[in-house]
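Colleague: First, the structure itself, so that you have it in front of you.
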Amino acid sequence: MDIKYLGHSAFEITTKGKKILVDPFLVACPDYKCENIYDIFVTHAHGDHLGSAIEISKTTGAPITAVYELANYCAKNGAKTIDMGLGSWRDYSWGRVVLVPAFHSSSTPDGIYGGCPCGFVFEIEDKTIYHAGDTCLNSEMKMIGEIYQPDITMLPIGGKYTMDIEHAVKAAEWIGATAIIPMHYNTFDAISVDISEFERQIREVGKMPMTLQINGSL
Ligand code: NI
Ligand code: MN
C-alpha cells in the first residue's frame, strides 16, 4: 500500500494497483493525473474538500462515497455516488470503510446543506487508516481508538477551522495510532503552523510524526 499526500487534506491511497482519492482539492498539485481511480471519498461539502471530486467522477467513472446529503448533491451535479450514513461498514473491492463523526459544519460552495461532516476509517490490506476530515478535538476519538484501533491517522493541525497542534496531539493520544500524518495546514495564511513544533510535540507523547511533502508518499 502507498499513501501519497496531495496537499491540504487530499490523499491518494494505492492498493494492488487500485487508487482511491480522499478530499481531492488539488490546488497544490494541478498536474495530478487521475489514472486507475476506483473510488473517491469526500469528508464534507466545503470547497477545500469537495475540490475536483465531481469532475474526477465524471471523467473517470469512479463513484464518490459521501454522507447522504452530500452524495445527493454530487449526483445532481452529474457524479456517480455511493451514499452512506455514519456507523456501518461498507465493503469495496479493495477493502472496507466506515463513516465516523467529525465536529465541524458542512455546506456546498453554492450554500446547500451538506449533511453531517465525517471522517473515514479505512481497512486496507492489514492496516487501519483514519482520515479525520475537518474536526475539533472531541471525545468520539476515544471511541474511534477503542473500536477501530487505527495504525495510521491523518489529523488536521492548522487551527482556526479545525484542531490546532495542541489539540491534535491530544487527539493522537486518544486515538492511539502510532503514525500521525498532519494535514490541513499551511495551505493559506489562516492555517499556517510551524510543522517542527507539531513534530516535537507529537514525539513527546510517544507517537511518530509522518509529515509528508506534497506528492510525498508513505
Ligand atoms: Ni471544512
Ligand atoms: Mn477545510
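We did not get these values from a lab; they are worked out from the coordinates using the rules stated. Quick caveat, the model's predicted, so the values are computed rather than measured. Heads up, the Cβs are rebuilt from the backbone with ideal geometry, glycines too, and the neighbour counts pull from every protein chain shown.
Colleague: Need one word for the range 1-100: rounded, prolate or oblate. Basis is the Cα gyration tensor (sqrt eigenvalues a ≥ b ≥ c); a/c below 1.5 gives rounded, then a/b vs b/c decides. List each step's numbers first, then the result.
Modeller: On the way: a/c = 1.44, a/b = 1.12, b/c = 1.28.
It comes out rounded by the Cα gyration axes.
Colleague: While we're here: Can you order the peptides 82-90, 149-157 by their average number of other Cβ atoms within 10 Å per residue, highest first? List each step's numbers first, then the result.
Modeller: Details: 82-90: 13.6, 149-157: 24.1.
Ranking, from highest mean packing down: 149-157, 82-90.
Colleague: Ok, one more. Classify the range 108-148 from the C-alpha gyration tensor, please: rounded if a/c falls under 1.5, else prolate or oblate depending on whether a/b exceeds b/c.
Modeller: Values: a/c = 3.45, a/b = 1.71, b/c = 2.02.
Judged from the Cα gyration tensor, the range 108-148 comes out oblate (a/c at least 1.5, b/c at or above a/b).
Colleague: Ordered by residue, what ³J(HN,Hα) values in Hz, to whole numbers, does the range 41-48 give under the Karplus form 6.51 cos²θ - 1.76 cosθ + 1.60, where θ = phi - 60° and Gly and Pro are x?
Modeller: Listing the rounded values in order: 10, 10, 6, 6, 7, 4, x, 7 Hz.
Colleague: Under the rule of at least 5 residues apart or a separate chain, name every residue whose amide H is placed under 5 Å from the amide H of residue 28.
Modeller: Result for residue 28 returns nothing.
Colleague: Let me ask something else. Output the peptides 32-41, 15-24 sorted from most to least packed, where packing is the average of other Cβ atoms within 10 Å over each peptide's residues. Can you show the working numbers first?
Modeller: Values: 32-41: 17.8, 15-24: 20.6.
My ranking of the peptides, most packed first, is 15-24, 32-41.
Colleague: Using Cβ contacts closer than 10 Å as the measure, can you line up 80, 142 from fewest to most? Working shown, then result.
Modeller: Values: 80 17, 142 14.
Ascending Cβ contact count within 10 Å gives the list 142, 80.
Colleague: Run the quick spin-label model on residue 215 and residue 33: label points 7 Å from Cα toward the beta carbon, then report their separation in nm to one decimal.
Modeller: 1.2
Colleague: Pop out the ³J(HN,Hα) list for the range 167-174 in order, Karplus 6.51 cos²θ - 1.76 cosθ + 1.60 with θ = phi - 60°, rounded to Hz; leave Gly and Pro as x.
Modeller: Going residue by residue, I get 6, 5, 5, 5, 4, 4, 5, 5 Hz, with x marking Gly and Pro.
Colleague: Still on this model: Please give the FRET efficiency for residue 149 paired with residue 113, using the beta carbon to beta carbon distance and R0 = 30 Å, rounded to the nearest 0.05.
Modeller: Values: r = 33 Å, r/R0 = 1.10.
In this case the efficiency is close to 0.35.
Colleague: Return the percentage of antiparallel bridges among DSSP beta bridges fully within the chain, rounded to the nearest 5 %.
Modeller: Of the beta bridges lying entirely in the chain, close to 55 percent run antiparallel.
Colleague: Another question about this same structure. Given H placed on each backbone N at 1.01 Å, which residues far from residue 186 in sequence or on other chains put an amide H within less than 5 Å of it?
Modeller: Under 5 Å from the amide H of residue 186: 191, 192, 193.
Colleague: Still on this structure, I have one more. Over the range 99-212, what is the relative contact order in whole percent, taking alpha-carbon pairs under 8 Å and six or more residues apart?
Modeller: It rounds to 20 percent for the range 99-212.
Colleague: Report relative contact order for the chain in percent, whole number only (criteria: Cα-Cα under 8 Å, sequence separation at least 6). Provide the component values of the computation, followed by the final result.
Modeller: Working: 542 pairs, mean separation 36.2, N = 218.
Result for the chain is 17 percent.
Colleague: Placing +1 on the Cβ of each Lys and Arg and -1 on the Cβ of each Asp and Glu in the chain, which of 8, 185, 122 has its Cα farthest towards the positive end of the resulting dipole?
Modeller: Of the candidates, 122 comes out farthest on the positive side.
Colleague: Going by how many other Cβ atoms sit within 10 Å of their own, how do 64, 3, 191, 147 line up, fewest first?
Modeller: Working: 64 26, 3 23, 191 19, 147 11.
So the residues, fewest neighbours to most, are 147, 191, 3, 64.
Colleague: Continuing with the same structure: Run the simple label-point estimate for residue 194 and residue 72 please: 7 Å along Cα→C-beta, distance reported in nm.
Modeller: If labels sit at residue 194 and residue 72, their model points lie 4.7 nm apart.
Colleague: A further question follows. Apply the a/c threshold of 1.5 to the C-alpha gyration tensor of the range 59-112 and tell me whether it is rounded, prolate or oblate.
Modeller: On the way: a/c = 2.53, a/b = 1.14, b/c = 2.23.
Verdict is oblate for the range 59-112.
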